[in-house]
1. Say we look at the range 101-127 and pick out the residues that are within 18 Å of residue 22 (Cβ to Cβ) and surrounded by 19 or more Cβ atoms within 10 Å (Cβ to Cβ); which of these is modelled with the lowest pLDDT?
2. Against the definition (farther than 17 Å from residue 168 by Cα and either modelled with pLDDT of 90 or more or surrounded by 13 or more Cβ atoms within 10 Å (Cβ to Cβ) (or both)), how does residue 130 come out, yes or no?
3. If a residue has to be outside any helix (DSSP H, G or I) and closer than 18 Å to residue 218 by Cβ to count, how many in the range 65-84 make the cut?
4. What pairs can you find where one residue is in the range 22-49 and at positive phi and touching a residue at least 24 places away in the same chain (Cβ under 8 Å), the other is surrounded by 13 or more Cβ atoms within 10 Å (Cβ to Cβ) and part of a helix (DSSP H, G or I), and their Cβ atoms are less than 7 Å apart, with a gap of 6+ or different chains?
5. Evaluate the following for residue 87: is it assigned to a loop (DSSP other than H, G, I, E, B), in contact with a helix residue (DSSP H, G or I) (Cβ under 8 Å, 6 or more places away or on another chain), on the phi < 0 side of the Ramachandran plot and modelled with pLDDT under 85?
6. Spot the failing condition for residue 161; the list is (1) surrounded by 20 or more Cβ atoms within 10 Å (Cβ to Cβ); (2) at pLDDT 95 or above, and only one is missed.
């Protein structure tokens, strides 16, 4: 007797939906890696190794070397963003590695299920066998989608860390440029101070502070671009998680129908419910790591 699997949709429609969702996840992953989410002029700034996040460079120390360190407290605001941006790249890499491992595990489960469904239904005949094999393929693609989401989250963490490092380098560069403009003005004023009874310093210091303020505005622009870029990246990850939610619903539905509809004793050894339950915990952790 041929058993017909109860389905809410046709095999082709479910397969088409999952294939489309998997393609969408891969598109999101490509967008993350290509940095389509990076905003404005930040996209054109030179790349920097993620290790730049740990840089302890203090560009304002050049004022001390030039003998005009007394100016530092007046323009110290230039270096404040560096303290906010610096961090531990090892923690970023470690967390990304966890996502990558989860993605690889889910991919292995998908391939195991795909292989099991094909092997253990090879002797089936009729519509039941066809439908169950189709369902197994769909489930494998669904579980593969879980893996893709985990891998995308890991890539997002690495890319985010590298963009922060890029901003650290950009801010450092801007401070260095500001110091290059300020130093000649203040050193000349200091040299002329005895002859002008300090009037040269009274004129030069406001000029130097104004230069620092102008560069501070440019640095603030970089920080704004970083914030916008981060928001764009989070939207991509949240979009992937939204797609994953739909995939899970389809996978769970197909899994329940396949398990209830397959002939007794002929179900593949890797159950759909087991496979779905082994997904990495992505729903909250991915966006929390990027926030």
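1. 117
2. Details: farther than 17 Å from residue 168 by Cα: yes; either modelled with pLDDT of 90 or more or surrounded by 13 or more Cβ atoms within 10 Å (Cβ to Cβ) (or both): yes.
Yes, satisfied.
3. Initial filter on the range 65-84 (outside any helix (DSSP H, G or I)): 66-68, 79.
Okay, now just the ones that are also closer than 18 Å to residue 218 by Cβ, so 79.
Residues in the range 65-84 being outside any helix (DSSP H, G or I) and closer than 18 Å to residue 218 by Cβ: 1 in total.
4. Final answer for the pair search is 35/43; 35/159; 40/225.
5. Working: assigned to a loop (DSSP other than H, G, I, E, B): yes; in contact with a helix residue (DSSP H, G or I) (Cβ under 8 Å, 6 or more places away or on another chain): yes; on the phi < 0 side of the Ramachandran plot: yes; modelled with pLDDT under 85: yes.
Spelling it out, residue 87 is indeed assigned to a loop (DSSP other than H, G, I, E, B), in contact with a helix residue (DSSP H, G or I) (Cβ under 8 Å, 6 or more places away or on another chain), on the phi < 0 side of the Ramachandran plot and modelled with pLDDT under 85.
6. (2)
Table: residues versus (1) touching a strand residue (DSSP E or B) at 6+ places or on another chain (Cβ under 8 Å); (2) at pLDDT 95 or above; (3) closer than 30 Å to residue 135 by Cα; (4) crowded, with 19+ Cβ neighbours inside 10 Å.
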{"site": "182", "(1), (2), (3), (4)": "no, yes, no, yes"}
{"site": "185", "(1), (2), (3), (4)": "no, yes, no, no"}
{"site": "203", "(1), (2), (3), (4)": "no, yes, no, no"}
{"site": "235", "(1), (2), (3), (4)": "no, no, no, no"}
{"site": "239", "(1), (2), (3), (4)": "no, no, yes, no"}
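The values are calculated or read from the model by the stated rules, or taken from the named source; none is laboratory data. Quick caveat: nothing in here was measured; it's all calculated off a predicted structure. Because the Cβ atoms are built from the backbone with ideal geometry, glycine has one as well, and the counts that use them run over all protein chains shown.
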